[in-house]
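Below is one structure; the comments refer to it alone.
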Amino acid sequence: MTSPLAELTSETRAALVRAFEAGRLSPPYTALSVRRYTGAAHAARIAAELSRLDALGMTAAHVTEVLRLMGSAAPGEGASLVWSGPDEGSSETRDTGVVMRELFGSAERSVLVVGFALYQGKRIFRVLAEQMESIPALAVRMCLHVERPKGSVSPEREVLADFAERFRSEQWPGARLPEVYFDPRTLALHAPGQKRVSLHAKCVVVDEVRALVTSANFTEAAQARNIEVGALLSEAAFARALVRQFDGLVGRGALLRVPGL
């Protein structure tokens, strides 16, 4: 039987090691005490496994050493293929929805979410909202596509107010809200035949060390049914570059904060 500890990412194992070394994690282990380091999705199983090891006589120092050995024995993660839709059961691919929840659940410092279409967000972002509640310092920024309803000539402020209200009531499951930004060009009134602009990128960056770049929107269909392809990159330099790119757009006003979010 494979230990649940072996199924964790290297970043999550490292977070547990730091918690043990700092004395923030010790027996008795509960889902509540470990979720800050593993995310809510894994907390119950990891707490049960740590309790099992504790009952066998393994101290926190022993568990820490085991986690270190797991990290040193694991092959470099590099890039992993992330997939939605029909597959052949290949061990070389990982499910989009599972990867997304794992990323959100492992976040400790920062999360960048960039997306085009958003639907059933309360389900998709549940783990992220729970992580924000358990880690008050966790900073979450979203850059989302906001567009006018078809035929609308309403002022931009009204379109944004409607978007913010729908985001809070229909898409976001938590009490703490993320910062949400948009591209103001998407709300411009266009003359007939004039080309439109979309914020079409789709990616997630966690703690500036891991990045998922994917064709999948933040919708149930894209996460589970459509054929979608992405790459999960455990490359800090790439992750930081992606974050800096969007930070730059915010800094020079190319992306603006949605009022109220």
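Worth pointing out:
- Residue that is least open to solvent (accessible area, probe 1.4 Å) [pool: residues in segment 103-142 that are charged (D, E, K, R) and more than 15 Å from Ala239 (Cβ to Cβ)]: Glu130
- Checked against (1) in a loop (DSSP other than H, G, I, E, B); (2) within 17 Å of the chain's Cα centre (by Cα); (3) crowded, with 17+ Cβ neighbours inside 10 Å, Leu199 meets all criteria but (2).
- Condition check for Asp207 on (1) open to solvent by 30 Å² or more (accessible area, probe 1.4 Å); (2) of a type in the set (Asp, Glu); (3) farther than 22 Å from Phe182 by Cβ: one failure, at (1).
- Some residue of segment 114-128 being over 15 Å from Phe218 (Cβ atoms) and either touching a strand residue (DSSP E or B) at 6+ places or on another chain (Cβ under 6 Å) or modelled with pLDDT under 90 (or both): no
- Restricting segment 166-187 to residues that are open to solvent by 60 Å² or more (accessible area, probe 1.4 Å) and touching a residue at least 60 places away in the same chain (Cβ under 8 Å), the residue that is farthest from Val243 (Cα to Cα): Arg168
Yes or no, residue by residue, for (1) assigned to a helix (DSSP H, G or I); (2) touching an Asp or Glu at 6+ places or on another chain (Cβ under 9 Å); (3) surrounded by 16 or more Cβ atoms within 10 Å (Cβ to Cβ):
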| site | (1), (2), (3) |
| --- | --- |
| Arg13 | yes, no, yes |
| Leu16 | yes, no, yes |
| Leu25 | no, no, yes |
| Ala48 | yes, no, no |
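- Residue match in segment 35-44 (condition: over 21 Å from Ala137 (Cβ atoms) and under 20 Å from the mean Cα position of the chain (by Cα)): yes
- Some residue of segment 143-151 being out of contact with any His (no Cβ under 7 Å at 6 or more places or on another chain), open to solvent by 30 Å² or more (accessible area, probe 1.4 Å), part of a loop (DSSP other than H, G, I, E, B) and closer than 16 Å to Leu255 by Cβ: yes
- Within segment 202-224, if we keep just the residues that are modelled with pLDDT under 95 and part of a loop (DSSP other than H, G, I, E, B), the residue that is nearest to the chain's Cα centre (by Cα) turns out to be Asp207.
- Annotation note: of Thr30, Thr64, Thr38, the sole residue that is of a type in the set (S, T, N, Q), open to solvent by less than 40 Å² (accessible area, probe 1.4 Å) and touching a Ser or Thr at 6+ places or on another chain (Cβ under 9 Å) is Thr38.
- Residue count for segment 225-245, restricted to those that are among the small types (Gly, Ala, Ser), open to solvent by less than 30 Å² (accessible area, probe 1.4 Å) and in a strand (DSSP E or B): 1
The values are calculated or read from the model by the stated rules, or taken from the named source; none is laboratory data. Treat the numbers as computed from the prediction; the structure is a model and nothing was measured. Quick reminder, even Gly has a Cβ in these numbers, built from the backbone with ideal geometry, and neighbours come from all protein chains shown. Accessible surface areas use protein heavy atoms only, side chains included; no ligands, DNA or RNA. Shrake-Rupley method; radii C 1.70, N 1.55, O 1.52, S 1.80 Å.
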